[in-house]
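The values are calculated or read from the model by the stated rules, or taken from the named source; none is laboratory data. If you're wondering where the values come from, they're calculated on a predicted model, not measured in any experiment. To get the accessible areas, we keep the full protein, side chains included, count just its heavy atoms, and leave off ligands, DNA and RNA. Shrake-Rupley method; radii C 1.70, N 1.55, O 1.52, S 1.80 Å.
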Amino acid sequence: MPLRGADVAEFTVLVLKIAFLAILWLFILLVAAVINSDMIGSRQRRTDNVDLPPLPDSRKTKRGKKEPWVLAIDSGIHAGDRLQLVPEVRIGRSEACELVLDDDYVSSMHAMLSHREEGGWFLKDLGSTNGTFVNAERIAHPTTVGVNDVIRIGEVQMRLEI
């Protein structure tokens, strides 16, 4: 028996309903996975990250100027800490970061502070949700940072020191 026009229309609507429900369930599972990874990431707390490998804090540039090799944390759980910097410091909630920040507004891999071979530091946002700020301005590209600049990641403020 061939299908009539009404039967084809009903079948098409049924297929569309099933496809919509399948897509909806995939979306719900994706959201649950993201929430789960964020919850697990925020529960992981590491306080031993404060002891980064030591480097001299009085390195000089080619021009003879001293440049910063210390990161002073002004707010958050590590407020008051001063960390010796290494040439590349990943900042975020993940255990894979050199500086782990236990803050709900910090992404797993939030930002990277890197030293240039010719001297100076730059800060790069690694695609974080809440952004990385230098002197109260959200950065979109790698940005040079120096001693007088205030860096804010999540609710944590920090600065470079000599």
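Can you tell me what the convex hull of the Cα atoms of the range 101-162 projects to on average, as an area in nm²? List each step's numbers first, then the result.
Details: hull surface 17.0 nm².
The Cα convex hull of the range 101-162, projected and averaged over all directions, gives 4.3 nm².
Backbone phi angles across the range 66-74, fed through the Karplus curve with coefficients 6.51, -1.76 and 1.60 (θ = phi - 60°), yield HN-Hα couplings of 6, 10, x, 9, 10, 10, 9, 9, 9 Hz in residue order; Gly and Pro are listed as x.
For THR143, the accessible surface of its heavy atoms amounts to roughly 40 Å² (probe 1.4 Å, protein chains only, rounded to the nearest 10).
In this structure the amide hydrogen of LEU126, modeled in the peptide plane, comes within under 5 Å of the amide hydrogens of ALA111, MET112, none closer than 5 places in sequence on its chain. Distances between placed amide hydrogens fall under 5 Å for THR132 paired with ILE139, all partners being 5 or more residues away or on another chain.
Percent relative contact order of the range 94-162, based on C-alpha pairs within less than 8 angstrom and at least six residues apart?
Values: 118 pairs, mean separation 18.1, N = 69.
For the range 94-162, the relative contact order is 26 percent.
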